[in-house]
Amino acid sequence: MARLYFFNFLFFCCVIHAYSIPDTYFSNAVPNDTVIIKADTIHLTDTVYIYIEEESKWQMSFELYMKPIFPIGKYGAVSPLNEELTSYYNKERTGMASVGLGVNFGIEYLNWNIRLGLTYSNYKEKVAHEPTNVVTENKTLVEIITFPPYPVVYHGDTTWYYPEQRREYQSEVTTYLNKPYTNSYLFFEIPFSIGYHFRFTKFSYLINTGFSPGFYIRRVTNKNIALFEEDNLQYIDEQNDMKIFNLSVFVSVDINYYHSEKLDFFIEPYFRQHLNSFFKSTYMYQYLPASVGINLGIKYYF
């Protein structure tokens, strides 16, 4: 009889404890999962029901980002005969910062992450020939001065007359030879990566590695060919010396800031190396640029 009273008292204490703490969180044996234990309103004569709700191990995400790009590659000689010319070619060219845009679709299982994306990338360089020659000479310039029009009646019909005055004068004109200009190599790329997540309270870190097929769109050259103006003219270059397909590999560290259950903000520094030249094998140079950059964007979970 004493044992029966003891077990009844123990059961009563357990019920009171469960009733006083309706929501209790425990760490599951599987990392990053949370088990939520909830108890209904309990009376001493009721049966105690415990509900266990477990988060899904699968999760899908969509990312939208922009990415500053900093090319750091050099041109290479395809033959020992043009090594000296290639060295001079590299002295004239330096990588320039540019901007790209991209989207990623991701699937996560536990801490593993697989992503497939589409990006628009611009690899930009500045070309500065040395020396930059400046030629100043006297030239005859023509200035046209226009005046407001006024009506003229001729044989009963009215017409408008547009007076103007032409004036010629001598002036010094400066011509810039070999002025610096820019080349932009535009690509669509399809990055594929595999990564592992390290999660903390407000931040998580995703270490990624992958490869990215790229498809050449066009090369755009901005050159200043005006004699004494600062306006740049744009040329869209569809040269046949460019390869259509390109392949690169990359590594990155994705730093996520937890904003809500559905939304994260992230920055992702990366390093990328192209494995084949932008140009065909028949071209006098090869160009396999490396690049560094930072993806800045938002991530939505669904």
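Structure data summary
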| read-out | value |
| --- | --- |
| Where Arg219 falls short, out of the listed (1) surrounded by fewer than 16 Cβ atoms within 10 Å (Cβ to Cβ); (2) of a type outside the set (A, V, I, L, M, F, W, C); (3) at pLDDT below 90 | (1) |
| One residue from Tyr283, Tyr270, Tyr235 being at pLDDT below 95, assigned by TED's automatic domain parsing to the domain that holds Glu189 and part of a strand (DSSP E or B) | Tyr235 |
| Residue match in the stretch 151-163 (condition: at pLDDT 75 or above and either out of contact with any Cys (no Cβ under 9 Å at 6 or more places or on another chain) or not assigned by TED's automatic domain parsing to the domain that holds Leu118 (or both)) | yes |
| Cross-chain or 6+ apart pairs with Cβ under 6 Å, the stretch 79-96 first and over 12 Å from Gln286 (Cα atoms), then of a type in the set (A, V, I, L, M, F, W, C) and outside any helix (DSSP H, G or I) | Glu92/Val127; Glu92/Ala128; Arg93/Val127; Gly95/Ile72 |
| Filter pass, Thr94 being over 27 Å from the mean Cα position of the chain (by Cα) and of a type in the set (Val, Ile, Thr) | no |
| Selection count where residues are of a type in the set (Ser, Thr, Tyr) and either under 16 Å from Phe198 (Cα atoms) or touching a helix residue (DSSP H, G or I) at 6+ places or on another chain (Cβ under 7 Å) (or both), scope the stretch 247-302 | 4 |
| Enumeration of residues in the stretch 48-69 that are at pLDDT below 65 and either of a type in the set (Val, Ile, Thr) or outside any loop (DSSP other than H, G, I, E, B) (or both) | Val48, Ile50, Tyr51, Ile52, Glu53, Glu54 |
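Residue by residue, here is whether (1) exposed (fewer than 15 other Cβ atoms within 10 Å of the Cβ); (2) of a type in the set (Gly, Ala, Ser); (3) out of contact with any Phe, Trp or Tyr (no Cβ under 6 Å at 6 or more places or on another chain); (4) at positive phi holds:
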{"position": "Tyr88", "(1), (2), (3), (4)": "yes, no, yes, no"}
{"position": "Ala97", "(1), (2), (3), (4)": "yes, yes, no, no"}
{"position": "Val103", "(1), (2), (3), (4)": "yes, no, yes, no"}
{"position": "Leu110", "(1), (2), (3), (4)": "yes, no, yes, yes"}
{"position": "Asn113", "(1), (2), (3), (4)": "no, no, yes, no"}
{"position": "Thr119", "(1), (2), (3), (4)": "no, no, yes, no"}
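The values are calculated or read from the model by the stated rules, or taken from the named source; none is laboratory data. Small disclaimer: the values here were computed from a predicted structure and weren't measured. As a convention, Cβ positions derive from the backbone with ideal geometry for all residues, glycine included, and neighbour counts pool all protein chains shown.
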